[in-house]
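Sharing a structure, written as structure tokens. Questions coming.
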Amino acid sequence: MNDFETDKPALLIIDMVKDNFIEGRHLPITPLAKAIIPSINALSAAFREAGWPVVFATDAFHAEDFIFKGRMSPHSLAGTEGAEVVDELDRRPEDYWLPKPRFSAFFKTGLEDWLRKRGVTLCAVGGIATNFCVLTTVMDALCHDFKAVLLEDCAAAAAAETHRQALGLYRRNPLQPLFQVMRAAVFLEALRRS
């Protein structure tokens, strides 16, 4: 039996926001995030063609948020252009844009109910950063009883080695097949076979 035989997937793209793509700002993640845009756009198109939901979940912080009391400086502030989906991504009107107050797309957003109303049973997650918001979204998907796939070629971290290490921690895990790390093409082929 195919691991996804009875599943309806949703694609969750995390934090591909304009504040992470500002030219001249020299964020280490920016070139790595730019490199995954073609893979995300191709997978998004395949999901739409199949009638599966595509969600763009983006940081929507407030300047006084707790998370900015450490080293992190305010960014992706709710209602600003910097918190919008980067223009290079092919976001369509039928896609769901979900501003989120913290790292996980499930945290205080109503995403679980939105997915359940659409019959979704599996969340495929990409975006940035692999070791923070992508991973917390994957883990929260599992905590809300959705299968999860971390899309290795549709995600990026601030360093390629950090990305590889994060994937390596979960490539073989006791939750398989409920949680898998896969390349987008392999995942899509598995969905099409089911």
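The values are calculated or read from the model by the stated rules, or taken from the named source; none is laboratory data. Here the structure is a predicted model, which is why all the values come from computation and not from measurement. With ideal geometry, Cβ positions are generated from the backbone for all residues, glycine too; neighbour counts draw on all protein chains shown.
Report the residue count in segment 48-71 for those that are under 25 Å from PHE107 (Cβ atoms) and touching a residue at least 40 places away in the same chain (Cβ under 8 Å).
So the answer is 10.
Additional query: Quick one: would you say GLU94 is in contact with a His (Cβ under 6 Å, 6 or more places away or on another chain) and either modelled with pLDDT of 95 or more or not charged (D, E, K, R) (or both)?
So GLU94 does not fit the description; no.
Just checking, does segment 9-19 include any residue being among the β-branched types (Val, Ile, Thr), at pLDDT below 95 and outside any loop (DSSP other than H, G, I, E, B)? Steps first, answer last, please.
Within segment 9-19, the subset among the β-branched types (Val, Ile, Thr) is 13-14, 17.
If we keep only those that are at pLDDT below 95 as well, we get none.
Within segment 9-19, none of the residues are among the β-branched types (Val, Ile, Thr), at pLDDT below 95 and outside any loop (DSSP other than H, G, I, E, B).
Quick check on my filter: what residues within segment 39-67 are outside any helix (DSSP H, G or I), aromatic (Phe, Trp, Tyr) and within 25 Å of ASP19 (Cα to Cα)?
PHE56, PHE61
THR137 fails exactly one of the following numbered conditions: (1) in a strand (DSSP E or B); (2) closer than 13 Å to ILE14 by Cα. What is the number of that condition?
(1)
So in segment 72-110, with the set limited to residues that are touching a Ser or Thr at 6+ places or on another chain (Cβ under 9 Å) and touching a residue at least 60 places away in the same chain (Cβ under 8 Å), which one is nearest to ALA57 (Cα to Cα)?
So, considering only residues that are touching a Ser or Thr at 6+ places or on another chain (Cβ under 9 Å) and touching a residue at least 60 places away in the same chain (Cβ under 8 Å), the one nearest to ALA57 (Cα to Cα) is ALA105.
Still on this structure: Name the single residue that is surrounded by the fewest Cβ atoms within 10 Å (Cβ to Cβ) among those in segment 72-95 being small (Gly, Ala, Ser) and under 20 Å from the mean Cα position of the chain (by Cα).
As a first pass, look at segment 72-95 and keep what is small (Gly, Ala, Ser): 73, 76, 78-79, 82-83.
Remaining after also requiring under 20 Å from the mean Cα position of the chain (by Cα): 76, 78, 82-83.
Working: SER76: 19, ALA78: 15, GLY82: 18, ALA83: 20.
Step by step, filter segment 72-95, then rank; the result is ALA78.
I'm trying to understand the selection: among the residues of segment 137-184, which are without any contact (Cβ under 8 Å) to a residue 12 or more places away in the chain and aliphatic (A, V, I, L, M)?
LEU169
Every residue in segment 140-180 that is of a type in the set (A, V, I, L, M, F, W, C) and part of a helix (DSSP H, G or I), please.
If the condition is that a residue be of a type in the set (A, V, I, L, M, F, W, C) and part of a helix (DSSP H, G or I), then ALA141, LEU142, CYS143, ALA160, ALA166, LEU167, LEU169 are the ones that fit.
So if I check each of ALA129, ALA155, ALA141, ALA105, which one is under 16 Å from the mean Cα position of the chain (by Cα), buried (at least 23 other Cβ atoms within 10 Å of the Cβ) and within 19 Å of THR6 (Cα to Cα)?
Exactly one residue qualifies, and that residue is ALA141.
Next question, about the same structure. Just to check your reading of the model, which residue among LYS117, LYS69 is over 25 Å from ARG171 (Cβ atoms), of a type outside the set (Ser, Thr, Tyr), modelled with pLDDT of 95 or more and more than 12 Å from the chain's Cα centre (by Cα)?
LYS117
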